[in-house]
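A.B. asks: Here you go, one structure.
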Amino acid sequence: MELRQLHYFIAIAETEHFGRASTSLRIAQPALSRQMQLLEAELGIDLFERLPRGVRLTPAGRVFLDQTREVKAQLARAVAAARSAAAGTGGRLRLGLIEVAAWQGLLPETIRRFRAEFPQVELALSAMSSPAQLAAIQGGTLDAGFLYNPPDDPALGQLALGFHRMILAVPSGAPFAARTGVRLADLEGQDMIGFRRGASPRLSDDLTAALRGAGVTPRRIAETESEADILALVNAGLGMAFVNENQRHRPPPGVRFLPVTDMEVRLHLALVWHRGTPSPARDRLAELTQAMAREGACGADGEIL
């Protein structure tokens, strides 16, 4: 059975006449008749009653007409969906993000605008750490990700989007909580909670270098893999910690945030993807994100690297 035979069948059924159908289809009537004979032979049923002046559907033919119309409609939807996906205006986009980066600024604004401009794209969002996103992008389970401090890897495409500074989280009952800011030297001997290096190697190394450069050796009392865990410990009064400045948009009740006036450790935000994995919808997202970054949101650079 061929699709053209179904197309021919629908035309004959709707006109109830081989001659009129052949004219509308621009196919010779004998050839049209032959195709219907082949279709009926393959199905093993009569689709039409041959009348002196035209044809009429048999009961089986009426059922077949209903079903072939649905097949035709489904095929049209499939063609439209495929073309939309190829153009980047449809299909599915699997996107990773850092939760704290999505609270305010460029990232949430970009997602909102993308959904408004490309409503036919199914956007599957996953909140994941930067290392987990990189593994998913390289493994093909994410099409792209908004993440911090991407590696210099020629296999990865990157769109630099700016940075978030690190600030100090202190228990609200601690003496430091009354200050408006601190210097690195103030942290000498203080109880500090930090990241495990494997959770964010570049950040861990940058913070260690900043403290060493200031000649400061705080007491490391705990290490965790997430800022949520770090802030829970700070909130419990166990110590202080360096955290992303975006945490100020959702502060725990027992935590104060202070700038570290002589420290410039930053988390560099980027949209990252694998160059070997094509995705028109991702390309649309990158174009939109770049345009919004160049508008100045989040101090962004907006340069594809």
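A.B. asks: Filtering the stretch 148-173 down to residues that are in a loop (DSSP other than H, G, I, E, B) and in contact with a helix residue (DSSP H, G or I) (Cβ under 9 Å, 6 or more places away or on another chain), which residue is surrounded by the fewest Cβ atoms within 10 Å (Cβ to Cβ)?
C.D. replies: Applying the filter and picking the extreme gives Ala155.
A.B. asks: Filter the helices (runs of 4 or more DSSP H) completely within the stretch 22-138 down to those with at least 3 residues that are more than 15 Å from Ile12 (Cα to Cα) and in contact with a helix residue (DSSP H, G or I) (Cβ under 8 Å, 6 or more places away or on another chain). Step through it out loud before you land on a result.
C.D. replies: Details: elements: 29-43, 59-87, 106-117.
Passing ranges, in order: 59-87, 106-117.
A.B. asks: Do you know which residues across the stretch 198-235 are charged (D, E, K, R), under 19 Å from His268 (Cβ atoms) and under 27 Å from the mean Cα position of the chain (by Cα)?
C.D. replies: Once the filter is applied, which keeps residues that are charged (D, E, K, R), under 19 Å from His268 (Cβ atoms) and under 27 Å from the mean Cα position of the chain (by Cα), the stretch 198-235 yields Arg202, Glu227.
A.B. asks: Looking at Leu51, Leu39, Leu75, Leu25 in this structure, which one is loosely packed, with under 15 Cβ neighbours inside 10 Å and without any contact (Cβ under 8 Å) to a residue 60 or more places away in the chain?
C.D. replies: None of the other options fit; the residue is Leu51.
A.B. asks: Just wondering, is there one or more residues in the stretch 143-164 that are free of Cβ contacts under 8 Å to residues at least 24 places away in the same chain and among the small types (Gly, Ala, Ser)?
C.D. replies: For the stretch 143-164, residues free of Cβ contacts under 8 Å to residues at least 24 places away in the same chain and among the small types (Gly, Ala, Ser): absent.
A.B. asks: I'd like the full set of residues that are of a type in the set (Gly, Ala, Ser), part of a strand (DSSP E or B) and closer than 19 Å to Glu99 by Cα, limited to the stretch 205-255.
C.D. replies: Ala241
Read-outs throughout are calculated quantities, based only on the coordinates presented, and are distinct from any laboratory measurement. Fair warning: this is a prediction, and the values are worked out from it, not measured in the lab. Cβ: placed from backbone, ideal geometry, glycine included. Neighbour counts: every protein chain shown.
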